[in-house]
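Okay, so here's the structure we're looking at.
The values are calculated or read from the model by the stated rules, or taken from the named source; none is laboratory data. Nothing here was measured: the structure is a model prediction, and the numbers come from that model. Every residue, glycine among them, receives a Cβ derived from its backbone with ideal geometry; neighbour counts consider all protein chains shown. To get the accessible areas, we keep the full protein, side chains included, count just its heavy atoms, and leave off ligands, DNA and RNA. Shrake-Rupley method; radii C 1.70, N 1.55, O 1.52, S 1.80 Å.
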Amino acid sequence: MKYDYDLIAHYLKVDRDTFNREIKDKAFGVLNNETKSQVYTGGLLALTNICVNNCHYCGLNRENGTINRFTLNDDQVKSSMKIVKEMGLKRILLIGGENPKISLNSYLKYIEEAKKNDLEINLAMGVFSKKEYKILKEAGLDYYTIKFEISNPKIFNSCNPDITFEERMKAIYEVKEVGLKLGTGSIVGLKNQSFKDLVNDILLTKELEADWVPIVPYIPAKNTIMAKDTPFGDVDILLRSISLLRILLPNSQITAGQPTQNSTLGFADKEGNMDAMRHGANKLFVEVTPFALQKDFEITQGRKLLQLQKIDEMLDALNLKRV
Ligand code: SF4
């Protein structure tokens with residue numbers, strides 16, 4: 001079966017029973033067979049909430065004067081990596097705003113530290129040059145994450161005033177060209193996103209052969225432009241997208257930390273997480289950002305994550321394995 005535009009469009013709107021029978025169960029089967037029931041779990045460390053950009057959907061936008069801005073120091077990064085290792089996890093994601101005050105040398109130190117702790121390392125820190133991606137790759141960086149957010153250039157440009165869609169895509173292709181694994185994906189429910197865009201977002205994720213798909217629903221964040229008139233994204237469409245992506249990209253990791261519709265528990269909603277895994281998602285994070293700083297890293301409202309014990313309980317219930 002060829003998962004082209006028409007077939008994906010069909011499955012995004014077919015009745016739920018048919019979808020469950022023909023796609024959801026198949027996607028869970030792919031997760032259990034091709035993906036060997038593996039759920040990739042890692043530590044998430046917010047490195048900085050300082051950002052030079054003003055994306056209309058993100059709580060870290062530079063215009064938001066209501067959060068205390070921070071950048072972790074080297075000792076905080078080192079001790080967080082140690083914590084990840086002591087938890088028995090094998091990977092760490094360093095995520096943050098685009099903060100030009102953090103030098104390339106600092107990132108090289110963090111990569112070296114991750115390797116000392118036998119951790120796979122993923123950076124999601126905004127746009128670098130191709131030369132810099134190459135230096136990071138040569139230093140041992142495993143993944144670089146840079147989302148395309150939406151495949152429609154006009155909408156992308158309307159809510160990302162500091163970078164064009166073309167520039168973002170160039171950066172994404174450069175990550176691939178230097179041989180880094182790529183984390184990329186979309187947001188379900190951005191302002192003015194059409195049904196056609198939702199189908200094209202899935203097709204673009206496939207075309208990019210994303211190694212990690214950090215797809216999420218749009219969740220309004222305080223003090224952002226988009227939150228004024230855009231509701232919570234459609235979680236049913238999100239879950240259908242996850243299943244279709246699992247079938248299209250059987251070996252990729254897909255974010256399972258998902259909310260239920262309008263949940264106040266955010267990404268720490270156990271039901272949302274389990275539902276995402278039943279649809280084929282298989283990547284989870286445990287927060288290792290120093291506790292006192294977590295409240296100032298609200299990219300979206302109520303950004304919380306489940307603790308490791310809860311993750312293990314969910315995986316046991318679903319007969320999945322934490323790796
Ligand atoms: S999405 Fe990223 S680049 Fe945009 S404002 Fe938020 S942290 Fe900055």
If I ask for residues that are surrounded by fewer than 22 Cβ atoms within 10 Å (Cβ to Cβ), assigned to a loop (DSSP other than H, G, I, E, B) and small (Gly, Ala, Ser), which ones from region 254-280 would you list? 263
Subset of region 147-157, residues open to solvent by 10 Å² or more (accessible area, probe 1.4 Å) and within 14 Å of the ligand (Cβ to nearest atom), comes to 147, 149, 157
If you go through region 294-307 one residue at a time, do you hit one that is more than 29 Å from residue 47 (Cβ to Cβ) and surrounded by 15 or more Cβ atoms within 10 Å (Cβ to Cβ)? no
Go through 82, 26, 109, 2 for me and flag whichever is away from the ligand (no atom under 16 Å from the Cβ) and either in a loop (DSSP other than H, G, I, E, B) or open to solvent by less than 20 Å² (accessible area, probe 1.4 Å) (or both). 2
Those residues of region 94-106 that are crowded, with 17+ Cβ neighbours inside 10 Å and either touching a Pro at 6+ places or on another chain (Cβ under 7 Å) or of a type outside the set (D, E, K, R) (or both) come to a total of 6
Among residues of region 281-323 being of a type in the set (A, V, I, L, M) and assigned to a helix (DSSP H, G or I), the residue farthest from residue 256 (Cα to Cα) is 292
Exception for residue 35 within (1) closer than 30 Å to residue 126 by Cβ; (2) crowded, with 17+ Cβ neighbours inside 10 Å; (3) out of contact with any strand residue (DSSP E or B) (no Cβ under 7 Å at 6 or more places or on another chain); (4) modelled with pLDDT of 95 or more falls at (4)
Residue hits (region 118-131; in contact with a helix residue (DSSP H, G or I) (Cβ under 7 Å, 6 or more places away or on another chain) and within 16 Å of the ligand (Cβ to nearest atom)) are 123, 127
